[in-house]
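The values are calculated or read from the model by the stated rules, or taken from the named source; none is laboratory data. Remember, predicted model here, so these are calculated numbers, not experimental data. All Cβ positions, even for glycine, are placed from backbone atoms using ideal geometry, and neighbour counts span all protein chains on display. The accessibility values were calculated without ligands, DNA or RNA, using every heavy atom of the protein model including side chains. Shrake-Rupley method; radii C 1.70, N 1.55, O 1.52, S 1.80 Å.
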Amino acid sequence: MKSVLSLPNLIKLSMKFQTPIYAPNSQLLASGHRPPHVQVRRGYFHDISEEGQDALNVNPSAIRTFLTTQNIDFKQGFTCYSAACTQCRKCQNPTAKKAKIFINSATGSFNCSECTWSGTWKQFEAVVDAFQHGDPADSEKNAVHSRLRGLDDASEAAEEERRLTHCLTSLSAAEFADLVKLHQIQGLKMSTLMELGVQVYSNKRDLFFPRYHSNQNQCCGYKRMIVRELPEETVITEQIFPKEAGVLGLFGWNLIPKKATELVITSNEFDAMIIRQETGKPVVALPKGISLLPVEALPLLEQFSKIVLWLDGSGNRSWQAAKIFSRKLDEKRCHLVSPELCPTRALNAFQSGTEVNGIILKARPVSHKSVVTFGSFRSDVLNELTNREDFSGLRWQRFPALNRILKGHRRGELTVLTGPTGSGKTTFLSEYSLDLCNQGLRTLWGSFEIKNSRLAKTMLNQFARKSMQKNVTEFDLWADKFEQLALYFMAFHGQETLDNVFEAMLHAVYVHDIEHVIVDNLQFMMGATNFKTIHDRIVKQDQLIEGFRKFSTSHDCHVTLVVHPRKEMEGQELTAQSIYGGAKASQEADNILILQNNRGKSGLLQGKKYIEIVKNRYDGDLGIVPLSYDKDSQSYVKKERAKGDNTVGATTTKKTGKAAAAFAAAKPSTFTGAATDGATEDEDEDQSLTNRIVI
Ligand SMILES: Nc1ncnc2c1ncn2[C@@H]1O[C@H](COP(=O)(O)OP(=O)(O)OP(=O)(O)O)[C@@H](O)[C@H]1O
């Protein structure tokens, strides 16, 4: 994945935020007005355009056909095709006869197991002649003899970091006991930590966890667990290197025997260690927990015919992630430790007296996706029954009222948002998606109407909850934090074909484990064609909606789609029937949200825009969420009041009491309900509105 901004855009950004921007070689690209001590920064959003383009027209059968017509002898693995590597110099050596290139069957990207020669499918096609003749000179001429992206630099930086750390034996027995208590790793032996390469920093509290890729002797990245003492609590945070781009590697990979055929995958290093200690089984931990199974790790995992996934057992998201990962790894070989089998992560299970090996042996095979029995999803049913709160989805932090109605944001659903032109749909969606992304939901934005840089500016203001224009000196601070989000952008602008958009989405879901796609808006996929009749136009739109519906269901990925209302509806209050096109949108969508522009005339809605939820398939609750707009931060969330500011609170409390009557007067036939006790004043207000259910 690449971070790219074109030079003109960089200059514009620099001017806008009055900050200098440098190239990686420290050459000044744009000066801004800031003093020259500002550090080098990268562009702050991830552009997947190149990857998406590369994925176009690549599919398993196209890859197989190409390899066959080129007379390349290949084997089909679980996730990759493999062929002997004749390309790299090392593989010319008779001792490196076993070197293979692995070609990912979904994307076509390839890399060699020995020399880490790597590239995209297009590059492979371009040098296939040189590849077949094993002519390294030729490959160099073609300038694609590239190593896995950034592997060398990252390895060097990781080794440098390791030099800052010390062996655990440098700790006294009391210091090690403190460390165990601090990280809550009772039961783990020092020898186990050491075997897996864990080291301690000079402060005797922070830990270093190395990760490895194909070279089991040299780490390619690391995680630092940083312990911070705050006045009232101790906080442990994780710093991951490399952050996003490049090869992340796997913790524990250095100990995996080349001939091992079974593997356990965990989402946490300590879980991997307890499994190693208690069972001696080959085990690795994922670099970013349940949020990512890096695609470049797939060739490493080809050797295993059985993979047991035991991810962090707390919560539905990890169970969902295990199922998504098993699809990526090939369900045939995957076994899952379900929350029903063991509701906690491995270390916690061990600490509470559970026999870890027994749980791994009982892991259930993932059944064939099109032939299922009740037994295969009985744990899902039990989960849904016992963890209803959890199943109701990821909760918005900025929109508590949305949680009350929609019960959170769930995977695999289709949400349609409509509203009059210019009413603020993009602005709202930006914050709605940012809120979830900030909680770790991997998000892909398709903004066809406004440029990514403008959208990112809005998001940055919302993220910082202040105007970046007015606080330009803080740009670097916020941009750095913003850059940490798992946020990706499609690099499309204006009209785009559905095929191209789907290809980019498919690629992003597969490679980046995207969980939420936002498409703003559907009209940009209708094509420039002049439709003969309105009917033709409606049919086309229905096909598009059907496509997005299928996508969200089959990839268990939430799709939020902006659809314009019918022209004649502008100026009137909109309903589910106002969405442009046939009935498809309202049939296929799981949730329909309308940004109502015609501000309420009286009561609590006076002068406010609001979101009206007119369809909610999950729960059936409907209602409204009032929006207060703050122009500076482009945010729909009220600014936090200073502590002790009772003036506003008193007014609000009073207003809450009268609100129901005032509101009922505004919309008497549509809403019923009352405010709830015990909520904060703001929540009271939201609650008093959202409790009114459309009947
Ligand atoms: N509640 C609001 N009050 C005032 N201005 C707003 C509000 N919400 C958004 N805006 C501003 O209105 C402009 C249009 O907003 P936005 O692009 O989000 O609307 P939209 O509904 O997506 O437009 P379109 O129908 O063209 O796609 C932006 O400049 C935005 O900052």
Practice prompt. Report, to two decimal places, the Cα Rg of the range 400-626 normalised by 2.2 N^0.38 Å (N = number of residues).
Written response: 1.01
Practice prompt. Pop out the carbon and sulfur fraction of the accessible area of the range 281-330 as a percent, whole number, probe 1.4 Å.
Written response: 53
Fill in: Per residue, in Å², the accessible surface of the range 228-295 once ligands and nucleic acids are set aside, probe 1.4 Å
40
Worksheet item: Relative contact order (percent) for the range 164-272, with alpha-carbon contacts under 8 angstrom and 6 or more residues of separation?
Response: 21
Practice prompt. Report the trypsin sites (Lys or Arg not before Pro) located in the range 464-514 that are in a DSSP loop and have at most 11 other Cβ atoms inside 10 Å of their Cβ, or state none.
Written response: 470
Worksheet entry | Most positive-pole-ward Cα, 219, 155, 277, against dipole of the range 153-369 from beta carbon charges | 277
Practice prompt. Using a 1.4 angstrom probe on heavy atoms only, work out the carbon and sulfur share of the accessible area of the range 400-626 in %.
Written response: 51
Item to complete: Mind putting a number on the dipole of the range 153-369 about its Cα centre? Charges go on the C-beta only, +1 for Lys and Arg and -1 for Asp and Glu, and I need it in Debye to the nearest 20.
Response: 760
Discussion item. I'd like the accessible area for residue 437, computed on protein heavy atoms only with a 1.4 Å probe and all protein chains in place. Round to 10 Å², please.
Written reply: 10
Worksheet item: With point charges of +1 on the Cβ of Lys and Arg and -1 on the Cβ of Asp and Glu, referenced to the Cα centre of the range 400-626, which listed residue (512, 597, 587) lies farthest in the positive direction of the dipole?
Response: 597
Discussion item. Tell me whether the range 180-257 comes out rounded, prolate or oblate; compute the Cα gyration tensor, take square roots of the eigenvalues as a ≥ b ≥ c, and use a/c under 1.5 as the rounded threshold.
Written reply: oblate
Discussion item. Can you give me the accessible area per residue for the range 400-626, using a 1.4 Å probe, in Å²?
Written reply: 35
Item to complete: Express in % the proportion of alpha carbon pairs of the range 153-369 at distances exceeding 32 Å.
Response: 14
